[in-house]
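Taking it in order: structure first as structure tokens, then the write-up.
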Amino acid sequence: MNFLQEALALADESYLIGMSNKGIYKRACKDLEHAEIFVNYQENFAEVNINGEVCNIKNPLWESSCSCPSRTVCRHLISAILFLREQSSESEDNNATAELEEDLQESLPDLLKQELQQVSQAQLKKALGNQTKFMIPWIQEQKIILEESSILSGILPDENQTAVRIVYPLAHSTCACHKKELCAHKAIIILAWQVKQNLIKAEDFLEQIQCLDLKNIQDIQDSAKRSYDLLYNILKWGLVRIPENMPEHLEASAVQSHALKMADAERMLREIGSSLAECRDRRAVFQLEIFLQKICTCAECLLNLQKESILVSDLGQFKKTYQEYSQDLEILPIGQRKIETHEYIGVNYYFLNLDYHAEQKFLIYSDIRPVFYEGKAYPKSSVPWNADVPIAKLMHNKMVLKYAKISDGKLSSSKETKIVFQTKAILNCEEIRNLIYFDFRKLAIDYSQKNLNFETDRLCFVKPSACLYSGFDTHAQCYQMRIADNSGNVICMQVRYKAENKKFINLLENIGNIMLKNPEQDTVWLCSVYFENGKLNLYPIEIYDFISMPDSIPEYSLPSEFENYQPNYINQIFMLLQDVQNELCALLQSGSQSAYIDNFKKYQTQAEYSGMHGFSDLLQELIEKLEQTRHVLQDNSKAILDLLIKTQKYIRIGIKKLEIFYALDAMKFRKEDLLL
């Protein structure tokens with residue numbers, strides 16, 4: 001019995017719950033009340049026969065075994081250990097046992113302390129993963145509750161108050177997430193203990209996990225340089241001369257970036273390769289201005305990865321981290337849109353968050369698959385949230401989700417999320433009416449102040465008072481519907497043509513004709529907002545002709561800062577920035593060795609006269625480099641690409657500041673709005 005004394009003293013209630021779980025512990029206590037138990041002490045273990053099962057209790061306890069089929073610590077083992085503890089407490093050594101238990105309750109056992117100290121930062125970093133930046137503040141703000149006894153217990157300050165029990169050995173530790181390996185919850189508890197013991201500082205841990213070793217840095221720098229050279233070749237040759245296999249070279253570079261965990265670089269290289277393929281195939285969806293922006297953004301990212309010091313955060317993330325919603329999520333389905341590109345095919349499902357206080361009103365569930373796996377046929381709808389039917393059939397019901405997870409407005413299909421309530425969806429409701437824009441000026445001002453990086457940030461409901469024109473622009477290769485609000489402001493709803501959305505454009509043309517013939521019919525549109533060439537545009541997603549309008553619509557007044565601006569001066573500066581951007585697009589089209597410089601000189605002079613001295617200096621430097629390229633053998637394309645990045649950034653910031661004023665002026669009704 002003496003060989004088990006220390007182990008049994010360690011096995012208090014906390015330790016046994018940590019070995020198994022609270023349910024098994026309670027069941028074991030209940031079984032023990034009526035169990036038939038026989039004990040046979042061997043040389044180095046105790047054989048306990050309990051209710052027909054044979055348990056061999058050893059020191060250390062985690063090496064004990066039971067004859068039942070359970071693969072984990074079962075109730076028989078816990079009952080046997082509890083029985084031996086009772087016997088031990090009744091023996092003549094009970095005083096020594098009590099002292100030992102008291103010592104163990106004051107601090108962690110030495111073996112557990114040693115193992116906690118040996119958990120490396122690399123192990124913690126791997127286990128925490130993308131949760132690091134969310135969990136570290138819990139330690140810094142001392143929000144994690146730690147309790148030391150025979151085990152290390154911890155409660156996290158998340159929505160579920162996740163409970164973690166760390167025992168020796170660590171492999172037997174338990175967590176409410178039920179993962180057997182070292183999960184993020186266990187890792188943050190261990191790190192919190194290490195910080196408490198002054199073994200490391202939370203700030204130092206954050207700094208160290210951001211560092212890369214020298215070999216990784218060198219590989220990343222080499223890969224970034226090769227990818228940058230590809231972009232330099234695009235600028236050097238121009239779109240009219242680049243080899244047809246350039247998209248394949250970019251794809252190979254993206255694959256190498258993926259291997260080196262350069263997430264942002266991989267994503268941007270793939271986007272550029274896809275855009276080049278569209279350009280090569282002369283698809284109407286290709287837009288040179290957007291392609292120029294992609295080139296500059298990617299080149300800037302690759303330059304950043306060639307510097308001497310690179311952090312993990314510089315590489316970007318492959319997967320977005322989904323955060324659990326703080327309460328039950330009530331969502332109303334409001335529409336869906338088919339997605340079909342060269343790479344992906346599927347459907348986006350749109351929902352309205354009915355939480356009145358929620359900042360993120362619109363949510364998306366993306367059921368999209370790679371074409372490589374699915375082919376061109378639309379895949380079957382997925383079945384998220386432990387539902388009994390596919391997502392497409394759930395779009396008829398308002399739902400309440402428990403444990404919903406969201407990232408940048410996108411809903412996760414996590415199995416942990418449950419549908420706890422469903423009822424028929426009614427879209428003719430106050431929640432939608434309260435979000436409808438009746439004045440396009442308010443729509444423009446509100447969305448100009450938002451960060452429109454994600455689709456959920458661009459979604460809105462609009463109510464036009466009239467359709468002025470509906471038709472297909474053969475020159476721009478896009479469908480256009482010009483709509484007006486009650487105040488006479490006019491904006492354009494448009495969809496660019498591509499073979500995949502031909503049916504959608506035909507449908508819009510039919511809807512437009514109906515609106516022109518029946519101007520009294522009220523319609524509400526779910527749209528995506530974007531600014532293009534200084535104008536506010538909409539991309540249509542859904543139309544509703546059954547939503548009743550309020551009895552009175554309050555008149556909208558422009559904020560004071562938008563009333564007294566000088567449209568002529570703003571329009572002049574805006575058009576200068578647009579003209580320079582068009583010349584940069586022409587430069588990308590023709591290549592740096594065939595650039596036409598006279599227009600750049602004209603715009604440089606105009607910038608100087610307008611007081612834009614920094615912009616004038618950038619253009620002057622760009623002109624000098626382009627002239628050198630034409631008259632000397634030395635290749636200056638890399639220097640030109642660097643100047644292209646700086647100039648495009650200047651233009652982007654300038655346009656962002658001025659486009660709302662330009663857009664407000666462009667909304668004013670003109671006779672040409674009635675014509676193509």
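The values are calculated or read from the model by the stated rules, or taken from the named source; none is laboratory data. Note that the coordinates shown come from a computational prediction; the quantities given were computed from them, not determined experimentally. Methodologically, a virtual Cβ is constructed for each residue, glycine included, from the backbone with ideal geometry; neighbour enumeration extends over all protein chains shown. Remember, those area values only see protein heavy atoms, side chains included, never the ligands or the DNA or RNA. Shrake-Rupley method; radii C 1.70, N 1.55, O 1.52, S 1.80 Å.
For Gln606, the requirement of being open to solvent by 20 Å² or more (accessible area, probe 1.4 Å), in contact with a Leu (Cβ under 9 Å, 6 or more places away or on another chain) and assigned to a helix (DSSP H, G or I) is met. Within segment 307-334, if we keep just the residues that are buried (at least 19 other Cβ atoms within 10 Å of the Cβ) and among the β-branched types (Val, Ile, Thr), the residue that is nearest to the chain's Cα centre (by Cα) turns out to be Ile331.
Taken over segment 243-266, the criterion of being open to solvent by 30 Å² or more (accessible area, probe 1.4 Å) and either among the aromatic types (Phe, Trp, Tyr) or not in a helix (DSSP H, G or I) (or both) is satisfied by Pro243, Glu244, Asn245, Leu260, Lys261. Asp446 meets the conditions (1) touching a residue at least 24 places away in the same chain (Cβ under 8 Å); (2) outside any loop (DSSP other than H, G, I, E, B) in every case but one. The failed one is (1).
Contact annotation: no residue pair with Cβ atoms under 6 Å, 6 or more positions apart or on different chains, pairs a residue in segment 25-52 that is under 13 Å from Arg75 (Cβ atoms) and modelled with pLDDT of 90 or more with a partner that is hydroxyl-bearing (Ser, Thr, Tyr) and surrounded by fewer than 16 Cβ atoms within 10 Å (Cβ to Cβ). Residues that are part of a loop (DSSP other than H, G, I, E, B) and buried (at least 17 other Cβ atoms within 10 Å of the Cβ) within segment 424-434 comprise Ala425, Leu427, listed in sequence order. If you go through segment 36-48 and keep only what is surrounded by 16 or more Cβ atoms within 10 Å (Cβ to Cβ) and either part of a loop (DSSP other than H, G, I, E, B) or out of contact with any helix residue (DSSP H, G or I) (no Cβ under 7 Å at 6 or more places or on another chain) (or both), you end up with Val39, Phe45.
Among the conditions (1) closer than 22 Å to Glu13 by Cβ; (2) surrounded by fewer than 22 Cβ atoms within 10 Å (Cβ to Cβ), the only one that Glu207 does not satisfy is (1).
Here's the yes/no breakdown for (1) open to solvent by less than 70 Å² (accessible area, probe 1.4 Å); (2) among the aliphatic types (A, V, I, L, M); (3) modelled with pLDDT under 85; (4) under 21 Å from Lys320 (Cβ atoms):
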{"site": "Gln140", "(1), (2), (3), (4)": "no, no, yes, no"}
{"site": "Ile145", "(1), (2), (3), (4)": "no, yes, no, no"}
{"site": "Tyr168", "(1), (2), (3), (4)": "yes, no, yes, no"}
{"site": "His178", "(1), (2), (3), (4)": "no, no, yes, no"}
{"site": "Leu182", "(1), (2), (3), (4)": "yes, yes, no, no"}
{"site": "Ala187", "(1), (2), (3), (4)": "yes, yes, no, yes"}
{"site": "Ile190", "(1), (2), (3), (4)": "yes, yes, no, no"}
{"site": "Val195", "(1), (2), (3), (4)": "yes, yes, no, no"}
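Of the candidates Glu672, Glu624, the single residue that is open to solvent by 40 Å² or more (accessible area, probe 1.4 Å), modelled with pLDDT under 85 and over 18 Å from Leu303 (Cβ atoms) is Glu672.
Take the conditions (1) under 15 Å from Gly154 (Cα atoms); (2) touching a helix residue (DSSP H, G or I) at 6+ places or on another chain (Cβ under 9 Å); Ile189 misses just one of them, which is (2). Would a scan of segment 286-297 turn up a residue that is assigned to a helix (DSSP H, G or I), farther than 19 Å from Ala586 by Cβ and open to solvent by less than 60 Å² (accessible area, probe 1.4 Å)? Checked against the condition, which is being assigned to a helix (DSSP H, G or I), farther than 19 Å from Ala586 by Cβ and open to solvent by less than 60 Å² (accessible area, probe 1.4 Å), segment 286-297 yields at least one hit.
Scanning segment 275-284 for residues that are more than 17 Å from Leu235 (Cα to Cα) and surrounded by fewer than 18 Cβ atoms within 10 Å (Cβ to Cβ) turns up Asp281, Arg282, Arg283, Ala284.
Checked against (1) over 30 Å from Ala425 (Cα atoms); (2) modelled with pLDDT of 90 or more; (3) surrounded by 13 or more Cβ atoms within 10 Å (Cβ to Cβ); (4) under 40 Å from the mean Cα position of the chain (by Cα), Ile547 meets all criteria but (1).
Got at least one residue in segment 503-517 being surrounded by 15 or more Cβ atoms within 10 Å (Cβ to Cβ), in contact (Cβ under 8 Å) with a residue 24 or more places away in the chain, within 19 Å of Gly471 (Cβ to Cβ) and of a type in the set (Val, Ile, Thr)? Yes; the residues of segment 503-517 include at least one that is surrounded by 15 or more Cβ atoms within 10 Å (Cβ to Cβ), in contact (Cβ under 8 Å) with a residue 24 or more places away in the chain, within 19 Å of Gly471 (Cβ to Cβ) and of a type in the set (Val, Ile, Thr). If the condition is being more than 13 Å from Ala35 (Cβ to Cβ) and among the basic types (Lys, Arg), then segment 46-75 contributes Lys58, Arg71.
The residues of segment 56-66 that are closer than 19 Å to Glu13 by Cβ and modelled with pLDDT of 85 or more, listed by number, are Ile57, Ser64. Looking across segment 68-126 at every residue that is outside any helix (DSSP H, G or I) and touching a Cys at 6+ places or on another chain (Cβ under 9 Å), the one that is modelled with the lowest pLDDT is identified as Val73. Among residues of segment 641-661 that are closer than 18 Å to Asn582 by Cβ, those with a beta-carbon under 8 Å from a residue that is in a helix (DSSP H, G or I) and open to solvent by 80 Å² or more (accessible area, probe 1.4 Å) at least six positions away or on a different chain give the pairs Leu643/Glu621.
Name the residue that is farthest from Ile514 (Cα to Cα), counting only residues in segment 474-486 that are touching a Ser or Thr at 6+ places or on another chain (Cβ under 9 Å) and open to solvent by 20 Å² or more (accessible area, probe 1.4 Å). Result: Asn486. In segment 50-63, what count of residues is obtained for those that are open to solvent by 20 Å² or more (accessible area, probe 1.4 Å) and either hydroxyl-bearing (Ser, Thr, Tyr) or assigned to a helix (DSSP H, G or I) (or both)? Of the residues in that region, 2 qualify. Can you spot a residue in segment 137-156 that is among the small types (Gly, Ala, Ser) and under 24 Å from the mean Cα position of the chain (by Cα)? No, every residue in segment 137-156 fails to be among the small types (Gly, Ala, Ser) and under 24 Å from the mean Cα position of the chain (by Cα).
Looking at the structure I just gave you, is Val462 modelled with pLDDT of 90 or more and touching a helix residue (DSSP H, G or I) at 6+ places or on another chain (Cβ under 8 Å)? Criteria met by Val462. Looking at Leu214, Leu235, just one residue is closer than 24 Å to Val312 by Cα and either touching a helix residue (DSSP H, G or I) at 6+ places or on another chain (Cβ under 9 Å) or open to solvent by 90 Å² or more (accessible area, probe 1.4 Å) (or both), and that residue is Leu214. Restricting attention to segment 364-423 and to residues that are modelled with pLDDT under 85 and among the hydrophobic types (A, V, I, L, M, F, W, C), the residue that is most open to solvent (accessible area, probe 1.4 Å) turns out to be Phe372. In segment 580-603, of all residues being over 17 Å from Ile295 (Cα atoms) and either modelled with pLDDT of 90 or more or assigned to a helix (DSSP H, G or I) (or both), the one that is least open to solvent (accessible area, probe 1.4 Å) corresponds to Phe600.
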